[in-house]
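Below is one structure, written out as structure tokens; comments come after it.
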Amino acid sequence: MTDQARQPTSALREAQERPEVFEAFYREHAQALFVFLARRSLDPQTALELTAETFATAFARRRQFRGRTEAEAAGWLYQIARNLMGKHHRNGVIRRRALERLGMTVPSFSDDDLERVEQLAGLDRIRRSVREEFDSLPPKQRDAVSLRVVDELPYPEVADRLGISEQTARARVSRGLRTLRDLLAAPQPGDQT
Amino acid sequence: MNQPLDIDALEDLAAQFRQLGNEAATNRHRRRRTIKRPTRPVLIAAVTAVVLTCTASAATLVLREGTPLPEAPAGDFTADQLPLPETSRLAGVQTTDPAGGAPWGVRVFSNAAGAHCFAPGRVVDGKLGVISGGVFRELPLRGPGTCVQFNGREVPLGMVARYYPPEDRTAIYGVASPLVTSIGFQTGIRSQTVIPDSDGAYIAVFEGEPHVRRIITLTDGTRQVLDPPRNP
């Protein structure tokens, strides 16, 4: 018997035949996935919506899962989450296709919930890290990111204010954001996957 | 299996997945039973076809399209309430009615002062209108609305809550600035979160006149809670 064969079968695999078992798969991974997404979006509500859409997508596509073990199921789940998060970063919108198809609603946080989220995800610490990383960006990149992202100015105006071409403004913002994105994308202490 | 989660909102989602799983399991058992008796699918398909045909006919009969509503006479509204030409359009956001039927939507436009304006209605065939007595009547594209000038975090959105007595519905709708990432609505029995569409428009519709707590989440993660006084 191989090591893999000895590992218990994931609830996701069982849910292909017995959909009522999906809740167990959700309970196994929901909190860790939520923390993973909260640390990368820095916004609990965004993380909750992405978590909900990720599991709704997993439920709708559970028959497409070809693995068997818990590790394979977790990898499959987090790949869905990363895809959704990538689309969110690119477009600023969260796709809710699976949630809408399944008729699900995204709950809101209570005040107690938000306190627990801050503690679980350590968002204060990560926000401080982002702030420090932002402060340590080369001044030209920092100014460009600040005008574009914080002040939400269009690129032509960013370029005007900095006395540079629009193309240069775009390049500086892009480089600055890439640095900050790498910080958020890096594994965080306590991440489970 | 039922190990509680630390966050209530995640527990709420768990309950929804439990229900989905149970429903899917029930449907699966039904399908299995059906396969054992080959004559039943034919009967079920025939009955379903008849029911669908009747339902479609009934729906057509129930909702008729009337003449579009005329534009309000000039002078009834100030320029600030009316759209600049070519700016009025139906936003992409829609929400279902609690009892089904035509969804609710929002028309958005700009006024002469450059403010962001909005007006709600029911959506049928891509048109915004009102439904009364089983008749849908399109609202004029140049009709009035409510307008808001965003002002950073001070005024990140415009919001109106309006009760519609004939339908016994409360619609909460408006437009939000790009600073707003989501708007949560909490009643005593349910919560929902709405993401403003590309126009910033959003709408949520409730049965009756419930007390609705609204939670506005901004791009920096901060939240503004609007908790209107309860009806006496």
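In degrees, nearest 10, range 0 to 90: what is the angle between the Cα axis of helix A:44-60 and the longest Cα principal axis of chain A?
The two axes meet at around 40 degrees.
Write out the trypsin sites (Lys or Arg not before Pro) in region A:29-106 meeting two conditions: DSSP loop, and at most 13 other Cβ atoms within 10 Å of their Cβ. Before the final figure, lay out each step's value.
Values: sites: A:Arg39, A:Arg40, A:Arg61, A:Arg62, A:Arg63, A:Arg66, A:Arg68, A:Arg82, A:Lys87, A:Arg90, A:Arg95, A:Arg96, A:Arg97, A:Arg101; in loops: A:Arg61, A:Arg66, A:Arg68, A:Arg95, A:Arg96.
Qualifying residues, ordered by number: A:Arg61, A:Arg66.
Rounded, prolate or oblate: which fits region B:76-232, taking a ≥ b ≥ c as square roots of the Cα gyration tensor eigenvalues, rounded meaning a/c under 1.5, else prolate when a/b beats b/c?
Oblate, because a/c is 1.5 or more while a/b does not exceed b/c.
Taking the number of other C-beta atoms within 10 Å as the exposure measure, put A:His89, B:His116 in order starting with the fewest.
Working: A:His89 14, B:His116 23.
The fewest-first ordering by Cβ neighbours comes to A:His89, B:His116.
With viscosity set to 1.002 mPa s and temperature to 20 °C, compute the Stokes-Einstein D of region A:86-173, Rh being the Kirkwood radius across alpha carbon pairs; µm²/s, no decimals.
Values: Rh = 16.2 Å.
Answer from the Stokes-Einstein relation: 132 µm²/s.
Please list the equivalent ellipsoid semi-axes of region A:3-135, computed as the square roots of five times the alpha-carbon gyration tensor eigenvalues, in descending order and whole angstrom.
Ellipsoid semi-axes (Å, largest first): 28, 17, 15.
Coordinate-derived values only; no laboratory data. Nothing here was measured: the structure is a model prediction, and the numbers come from that model. Neighbour counts are summed over all protein chains in view; Cβ atoms, including those assigned to glycine, are modelled from backbone coordinates with ideal geometry.
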